[in-house]
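Just below is one structure, and these are the notes that go with it.
The values are calculated or read from the model by the stated rules, or taken from the named source; none is laboratory data. Predicted model, so just to flag it, every value in this text is computed and none were measured. Glycine also receives a Cβ, built like all others from the backbone with ideal geometry; neighbour counts cover every protein chain displayed. When the accessible area is computed, the model is the full protein with side chains, heavy atoms only, and any ligands, DNA or RNA have been set aside. Shrake-Rupley method; radii C 1.70, N 1.55, O 1.52, S 1.80 Å.
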Amino acid sequence: MNRIKAPHSAEISIKNSKFIAYLFPIADVTEAEILLAQVKREHPKARHWCYAYRLGAEEYRCNDDGEPSGTAGLPIYQQLLSFDVSNSLAVVVRYFGGILLGTGGLIKAYKESTRAALQTAELEALIPQIIFRATADYAQMSTLYNYCQRAGAQILEQEVDWQCRLRASVAQEHFTQLQSLLVQHQIQVQAEE
């Protein structure tokens, strides 16, 4: 399984309609929602912002955003499957060109725009991740960050007060060792389900 390495886009035109496909790596649904809102802000005059995302092997969502049912989100999602891409979001922005494309034309347009972006995007192997939460006293904060950095953990959320709380993801193969090291320092660690 692969994921999008860095944000990427591609554009195609069909019968005066412009389709811009954006690809983003994501870690969770919240990140997908934030990126979708960002694309909508960047293209306020677009007619549709259709999307699909896939997290892991089984969690996904696709949305036609007002296009006829099954003509946009599903073709986008099927391209993610075709390229074996997960932990990624694909958003296709449509600027209507005045000519109706019909059901078959819409399916083809959303499929082809997503494919164009995926064919030119840089993909990387998806390494199974574990998302975890850790809580440490303020004095142990540097120890927590140091061990997380050594394990290659990505900090997703953090809150620093008298205690340091963070939510992070780390390669599944490194989690047990990281957890053991942190617990030795009386840092609470719990994997999310």
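Some notes on this structure:
- The apolar share of the surface of the chain, taken as the fraction of accessible area on carbon and sulfur atoms (1.4 Å probe, ligands and nucleic acids excluded), comes to 47 percent.
- Surface accessible to a 1.4 Å probe, per residue, for the residues of the range 79-179, Å²: 53
- Proximal lysine pairs, the chain, alpha carbons under 19 Å, eight or more residues apart or interchain: 7
- Computed accessible area, GLU122, all protein chains, 1.4 angstrom probe, square angstrom: 110
- Cα gyration tensor, the range 148-193 - rounded (a/c under 1.5), prolate or oblate: oblate
- Given charges at Cβ of Lys, Arg, Asp, Glu: the chain dipole, positive-most of ALA153, ALA27, ILE14: ILE14
- Fraction of alpha-carbon pairs over 18 Å apart in the range 48-157 - percent: 58
- Residues in the range 89-101 carry Karplus couplings, in order, of 10, 10, 10, 10, 8, 10, 9, 5, x, x, 10, 5, 9 Hz; the curve used is 6.51 cos²θ - 1.76 cosθ + 1.60 with θ = phi - 60°, and Gly or Pro positions show x.
- The alpha-carbon positions of the chain define a convex hull whose volume is 116 Å³ per residue.
- SER17 accessible area, 1.4 Å probe, all protein chains in place, Å² to nearest 10: 0
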